[in-house]
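S.K.: Structure below; questions to follow.
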Amino acid sequence: MANDPLFVYGTLRFPEVLTELIGRTPGIEAAWVSGRRTAALPERVYPGLVAAVGAMAHGAVLSGLTAAEWRVLDAFEDDEYDLVPVFVHVGDRDLPAWTYAWTSEVLDQDWSAREFAAEHLPNYTGRCALWRSELAG
């Protein structure tokens, strides 16, 4: 799976979060996936990607992830996420990628990246740094 693209739609689309988790920002391009939505989750600041007819989930495609970086991201994601294949629209091209799809309860409203950035990003990146140091330690 190393070097396969990863579609990210929530907190992993923020370079600050990626830097705290894997120590760098890999290649990143704006992208979207059709037939899915980025759902808000109960009592969580991060979202879950779920199937939704006629919907479109905006995010980004990460490229150039190493096997070690994939392992870190796999460890970081909750047990309620499954790594699944999707087709991603990037500019004028479509490509296969992986994404972490949510498998548990969601809220009716969509998650807002803008709201997350304004209200939670600094604290969240701090939590990511602490998680990473505990993983390494």
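S.K.: Let me check something: with ligands and nucleic acids excluded, how do 125, 19 order by accessible area (1.4 Å probe), largest to smallest?
M.R.: Sorted descending by solvent-accessible area, the residues read 19, 125.
S.K.: Can you say what percent of the DSSP beta bridges in segment 1-113, counting only those with both residues inside, are antiparallel? Round to 5.
M.R.: If we restrict to bridges inside segment 1-113, about 90 percent are antiparallel.
S.K.: What does the C-alpha gyration tensor say about the overall shape of segment 1-128? Classify as rounded when a/c is under 1.5, otherwise prolate if a/b is larger than b/c, or oblate. Intermediate values should be presented prior to the final figure.
M.R.: Details: a/c = 1.42, a/b = 1.03, b/c = 1.38.
Cα axes put segment 1-128 in the rounded bin.
S.K.: DSSP loop (so not H, G, I, E, B), at most 12 other Cβ within 10 Å: list which GluC sites (Glu not before Pro) in segment 1-93 pass both filters.
M.R.: Answer in residue order: 43.
S.K.: Just to verify a number: FRET efficiency for residue 43 and residue 63, C-beta to C-beta distance, R0 = 35 Å, to 0.05?
M.R.: 0.60
S.K.: Here's another thing I want to ask about it. Working out 0.36 nm times the residue gap between residue 109 and residue 56, then minus their Cα-Cα distance, what length gain in nm do you get to one decimal?
M.R.: The span from residue 109 to residue 56 would gain 17.7 nm if fully extended.
S.K.: Give, to the nearest whole percent, the P(r) tail of segment 8-82 beyond 21 angstrom, counting all Cα pairs. Walk me through the numbers before you get to the answer.
M.R.: Details: 795 of 2775 pairs.
Counting pairs separated by more than 21 Å, the tail of P(r) holds 29 percent.
S.K.: As a test of the formula, what do you get for the chain when each DSSP H run with n ≥ 4 contributes -39,500 (n - 2.57) and the sum is divided by the residue count, at 222 nm and rounded to the nearest 500 deg cm²/dmol?
M.R.: -9000 deg cm²/dmol
The values are calculated or read from the model by the stated rules, or taken from the named source; none is laboratory data. What you see is a predicted model; the values in this text were computed from it and never measured. Note that each Cβ is placed from the backbone with ideal geometry, even for glycine, and that neighbours are counted across all protein chains shown. All accessible areas refer to the heavy atoms of the entire protein, side chains included, with ligands and DNA or RNA removed. Shrake-Rupley method; radii C 1.70, N 1.55, O 1.52, S 1.80 Å.
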